[in-house]
Amino acid sequence: MDGALEFSTRGNGLYDITARVAAVLPEDTGVLTLFVQHTSCSLLIQENADPDAQRDLMAWIERLVPRADHPDMAYLRHRSEGPDDMPAHIKAAHLPVSLSIPVQHGRMRLGTWQGIYLWEHRDDPHFRRIAWSLR
Amino acid sequence: MDGALEFSTRGNGLYDITARVAAVLPEDTGVLTLFVQHTSCSLLIQENADPDAQRDLMAWIERLVPRADHPDMAYLRHRSEGPDDMPAHIKAAHLPVSLSIPVQHGRMRLGTWQGIYLWEHRDDPHFRRIAWSLR
Amino acid sequence: MDGALEFSTRGNGLYDITARVAAVLPEDTGVLTLFVQHTSCSLLIQENADPDAQRDLMAWIERLVPRADHPDMAYLRHRSEGPDDMPAHIKAAHLPVSLSIPVQHGRMRLGTWQGIYLWEHRDDPHFRRIAWSLR
């Protein structure tokens, strides 16, 4: 079974989409593929218990890939769409564009503390589409 | 076909699990999904020939994501579970939580030098569970 | 359906393989798995519009993982295959070895700006093999 999920983000941040994903799954057993159809946001499996863990993760990636107006990023050339754009592509390059999650009788086999997140890397709100397939 | 593999790690390090994975595969052709049900360890395909390559990889990630008691990581807030915990979540965020490996007649189509590793990011020994599905 | 794609790279760089992948797909619906059988190159979904975006991405990874003869990398031990070899393994460890892409009636459900790239991390030209499976 195949489908698409659509999300409106409020700009940069981690959005827990676990319940939205769980709600569309049929009663089948197989593997769920989630695939985000964009190059400036990511999918992520992460700790869903302590909000500080998500805050720290965002603080870390901002240090790893600073905005284009940061002195360390003076070498960037792709700048026409704003200082958050090329860093968003870089983040999207080394965080998952797709997730493959085993499913049993319509339930994802996630660990106790695992949540599924859509990670918006752009500053402005964006409309994001995730293609899914359960086989 | 679906199942789960369980491992007891001896703490931080790379564990070659290729043989353990190969041993559970049925004689089918399809795609094997491995999915680790935790947020402080990772799955990895890497060079299996020179132990120095694995040592260098571990040295590199320690420099990229130092422990929480390192001065560079003073901004971290999620600290209740020890200085190795939040760095473990960060490593788990940008290394694979799942692997998708084509299988032919029960044999994984790995390259000559590719091994499958479970990467334990925590200092202490942990019990780790990997859900798998071959479709 | 299963197969393999073979590429000859001209050394370090991003190679757009989208058309080559699209050309081998049968008229089926399912999920395409691409799996690169090497530990010193990667697969990537990235922006296919502005060549500067690809150039910036390459500039960024060279700064994140410098060559083994850079002073910052003095701790590396796996050096017998040249200064570009261990950095290539490190890049391969945290960029995708496999991609899972939903397919509808033989067409990949890629976003408008998404292209599929083979990222050669070695300096010299290499022969690279990608196993694929559509299920």
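The values are calculated or read from the model by the stated rules, or taken from the named source; none is laboratory data. This structure is a prediction, so every number in the text was calculated from the model and none was measured. Positions of Cβ are generated from backbone atoms using ideal geometry, with glycine treated the same way; all protein chains shown enter the neighbour counts.
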If I ask for residues that are at the interface with chain B (Cβ under 9 Å from one of its Cβ atoms) and among the charged types (D, E, K, R), which ones from region A:103-135 would you list?
A:R109, A:R135
Here the qualifying pairs (Cβ atoms under 6 Å; residues six or more apart or on different chains; first in region A:102-128 and over 23 Å from A:L25 (Cβ atoms); second among the hydrophobic types (A, V, I, L, M, F, W, C)) come out as A:E120/A:C41; A:H121/A:C41; A:H121/A:A88; A:R122/A:A88
Restricting to region A:110-135, name every residue that is small (G, A, S) and part of a strand (DSSP E or B).
A:G115, A:A131, A:S133
Given the conditions (1) within 19 Å of C:H94 (Cα to Cα); (2) more than 9 Å from every other protein chain (Cβ to nearest Cβ); (3) buried (at least 17 other Cβ atoms within 10 Å of the Cβ), and given that A:I61 satisfies all but one, which numbered condition is not satisfied?
(2)
When you scan region A:90-98, do you find a residue that is farther than 20 Å from C:L110 by Cβ and not polar (S, T, N, Q), even just one?
no
A:R20 away from chain B (no Cβ under 14 Å) and under 26 Å from C:L43 (Cα atoms):
no
Among the residues of region C:91-105, are any of a type in the set (D, E, K, R), in contact with a Cys (Cβ under 8 Å, 6 or more places away or on another chain), at pLDDT 95 or above and under 15 Å from C:L14 (Cβ atoms)?
no
Considering only region A:65-80, state which residues are without any contact (Cβ under 8 Å) to a residue 12 or more places away in the chain and within 9 Å of chain C (Cβ to nearest Cβ).
A:D72, A:Y75, A:L76, A:R77, A:H78, A:R79, A:S80
With the structure loaded, tell me whether B:D56 is more than 8 Å from chain C (Cβ to nearest Cβ) and not polar (S, T, N, Q) or whether it fails that test.
no
Determine whether B:V31 is in contact with a Leu (Cβ under 8 Å, 6 or more places away or on another chain) and β-branched (V, I, T).
yes
Does A:H89 fit the bill of being buried (at least 22 other Cβ atoms within 10 Å of the Cβ) and under 26 Å from C:M58 (Cβ atoms)?
yes
Which numbered condition C:D50 fails, given (1) modelled with pLDDT under 95; (2) among the acidic types (D, E); (3) exposed (fewer than 15 other Cβ atoms within 10 Å of the Cβ)
(3)
Single residue of A:L76, A:L14, A:L34 found to be under 29 Å from B:C41 (Cα atoms), in contact with a helix residue (DSSP H, G or I) (Cβ under 6 Å, 6 or more places away or on another chain), buried (at least 17 other Cβ atoms within 10 Å of the Cβ) and of a type outside the set (D, E, K, R)
A:L14
Among the residues of region C:17-31, how many are polar (S, T, N, Q) and either buried (at least 18 other Cβ atoms within 10 Å of the Cβ) or without any contact (Cβ under 8 Å) to a residue 24 or more places away in the chain (or both)?
0
